[in-house]
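The next block holds one structure in the form of structure tokens; read it before the comments.
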């Protein structure tokens, strides 16, 4: 985490225009001074010459960056290259003239300057094209970073939307159950209120994080099933078993809710005469998790007096898995005549 923060800060610093321009010119100037010092060991003389060259390089580079690239590079590459060459042909002789006048007391240097004019033109062209390459690379890098930031923001917005759908969906089902029991004046109602308060505490205060402890998510499942046991008729076969060592593993919150809801809403609740079951099994091996939700299916479903609402559960969980655990999950569903099984394989780390 600290390394990532350092990389982000370094990136933010290096992408400041004054910083990377200064680094470019300091690097180029240092290279020019080093090459010039190989021919003349008079450091001050070399520094003066290279400062003049650097000035004319800067004229060409910024003319390229602020005029040629924005107006011609994307439209017509051939025209752009022609204008770059023309700019070098115009500016380089002026640099040669200034250096020639500077070497007025050194005829040999003047002769050498005339002889190497072609290399001076080539050097100007290479520096301008190097600035073009660096401009294209920095624009591409910035585009990739902005694209990644936009994707991250989109993912976070979608997760918040999916999560907002999960909580009301669960509460709607639970409150419906509580309402039915209060109509019957059932003694189970106060216990349901207590369990519901525990679940609400977990959802309101601990599920706002991106990840929660797996042990807390398992306790949430237990509370959820306790609510269902209170609501279901006696003899309903509701089982939840765990296997493996559960310590400090983390998981996205409320990931199992759609499986639990579907097991009861479309399974056990339809067994009017009893005999149905919901079997849940969670196995943990290191950072690998397997969750299996199996429920029976009634031979004959009761007639729906009202249109069925909901159905968003498994759609949401598939979207969340795709966003939170890309290429780290497998969700398979077996829909058979008398039973329904959903199996989730997940890499937690």
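Coordinate-derived values only; no laboratory data. Everything numeric in this text was worked out from a predicted model, so none of it was measured. So basically every Cβ, Gly included, is an ideal-geometry build from the backbone, and we count neighbours across all protein chains shown.
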From Cα pairs below 8 angstrom and at least 6 apart in sequence, can you work out the relative contact order of the range 210-284, rounded to a whole percent? 46 percent
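For the range 187-347, what does the relative contact order come out to in percent, with C-alpha contacts under 8 Å and a separation of six or more?
Numbers: 227 pairs, mean separation 32.1, N = 161.
Normalised by residue count, the contact order of the range 187-347 is 20 percent.
Taking the beta-carbon count within 10 Å as an exposure proxy, list 222, 329 from fewest neighbours to most. Don't skip to the answer; put the middle values down first.
Details: 222 12, 329 18.
Going from sparsest to densest Cβ surroundings: 222, 329.
So for the chain, averaging the separation of alpha carbon pairs under 8 Å that are six or more residues apart and normalising by length, what relative contact order in percent results?
On the way: 320 pairs, mean separation 37.0, N = 349.
After rounding, I find 11 percent.
Taking only DSSP H segments of four or more residues, each worth -39500 (n - 2.57), what value at 222 nm results for the chain once the sum is divided by all its residues, to the nearest 500 deg cm²/dmol? Walk me through the intermediate numbers first.
Details: 10 runs with 215 residues, N = 349.
Rounded to the nearest 500, the figure is -21500 deg cm²/dmol.
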Which of 203, 109, 250 moves the most in a Gaussian network model of the chain with Cα springs under 10 Å? 109
Along Cα→Cβ, 7 Å out, is where each label goes; now give me the distance between the ones at residue 106 and residue 55 in nm to one decimal. 1.7 nm
0 to 90° range, to nearest 10: angle between helix 43-63 axis and the chain longest Cα axis: 60 degrees
Report the FRET efficiency, 1/(1 + (r/R0)^6), for residue 210 and residue 327, where r is their Cβ-Cβ distance and R0 is 22 Å, rounded to 0.05. 0.75
Note the listed values (1) 17.6; (2) 43.7; (3) 28.0, then indicate which one is mean projected area of the Cα convex hull in nm² calculated from this particular structure. (3)
If I build a Gaussian network model for the chain, linking alpha-carbon pairs within less than 10 angstrom, which residue out of 214, 289, 183 has the largest mean-square fluctuation? 183
For each of 315, 33, 133, count neighbouring Cβ atoms within 10 Å of the residue's Cβ, then give the residues from fewest to most. 133, 315, 33
Checking 281, 21, 266 against a Gaussian network model of the chain (alpha-carbon springs below 10 Å), the top fluctuating residue turns out to be 21
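Give, in nm to one decimal, the length gained when the segment between residue 144 and residue 198 is fully stretched (0.36 nm per residue of separation minus the Cα-Cα distance).
Details: separation 54, 0.36 × 54 = 19.44 nm, distance 4.42 nm.
Going from the current span to full extension adds 15.0 nm.
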For the range 37-106 versus the range 230-255, the gap between their alpha-carbon centres in whole angstrom: 73 Å
Arranged by the count of other C-beta atoms within 10 angstrom, fewest first, what order do 243, 217, 191 take? 243, 191, 217
Between rounded, prolate and oblate, where does the range 2-147 land on the alpha carbon gyration tensor, with a ≥ b ≥ c its root eigenvalues, rounded for a/c under 1.5, else prolate if a/b exceeds b/c? oblate
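Using R₀ = 56 Å, calculate the FRET efficiency as 1/(1 + (r/R₀)^6) where r is the Cβ-Cβ separation of residue 33 and residue 154; round to 0.05.
On the way: r = 49 Å, r/R0 = 0.87.
The computed FRET efficiency comes out at 0.70.
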